[in-house]
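Below is one structure, written out as structure tokens; comments come after it.
Rule-based calculations on the coordinates, nothing more; no lab input. Given the structure is predicted, the values throughout are model-derived calculations rather than measurements. Counting neighbours? That spans all protein chains shown, and the Cβs are built from the backbone with ideal geometry, glycine included.
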Amino acid sequence: MNTTLSQEQLDIIRSQLGREPNGISAIAHSSPNAIPQVLQMESWVFNQPFPTLYWLSSKAIDKALARIESLGVVKQLEQRIKDDSELREAHHKSHRDYIQRRWDAMLPEHKSIIEKKGFSGLFDTLGIGGIANWDQVRCLHMQYAHHLAGDNVIGRILDEEYDIRAIADAE
């Protein structure tokens, strides 16, 4: 874990997760009130590959996205991706951005282990949420975490159509 995290940040993250945090390399995004919302994760955790770069830690955003998922929005978004070539390309671009950011953030020693153990293909092909089929969405939480820390078209849609940014900024 990154030792530059303050005790206050660690306490907040522990409370958000409901457990001791593991594998955090940095806070990728915080609310305007300095509450951690997205954690940047290490790529090798507990002696195994961990391809999730961004982990949503915010309880408020988590609850809002869970509610939206329960309405069937994931399937609706997947249909929109299927029907709209521009959205599909933007979604694929989000996956490529995520993969590049994951490699760029990877510690050299983790990169070496991943390459030696033959996991490079996993980190080259699995997109947001560890998904192989880039026309699917799988998890709004990981999409939105990537949106807050980087550039994600699904996150932009969630802000535009469900005003998730207002919930994020109020935390």
Between a first residue in the range 112-140 that is farther than 17 Å from VAL45 by Cα and a second residue that is among the charged types (D, E, K, R), which pairs have beta carbons less than 6 Å apart while being 6 or more apart in sequence or on different chains?
-> ILE131/ARG138; GLN136/GLU78; VAL137/GLU78; LEU140/GLU69
Out of all the residues in the range 87-133, which are touching a Lys or Arg at 6+ places or on another chain (Cβ under 6 Å) and of a type in the set (Val, Ile, Thr)?
-> ILE131
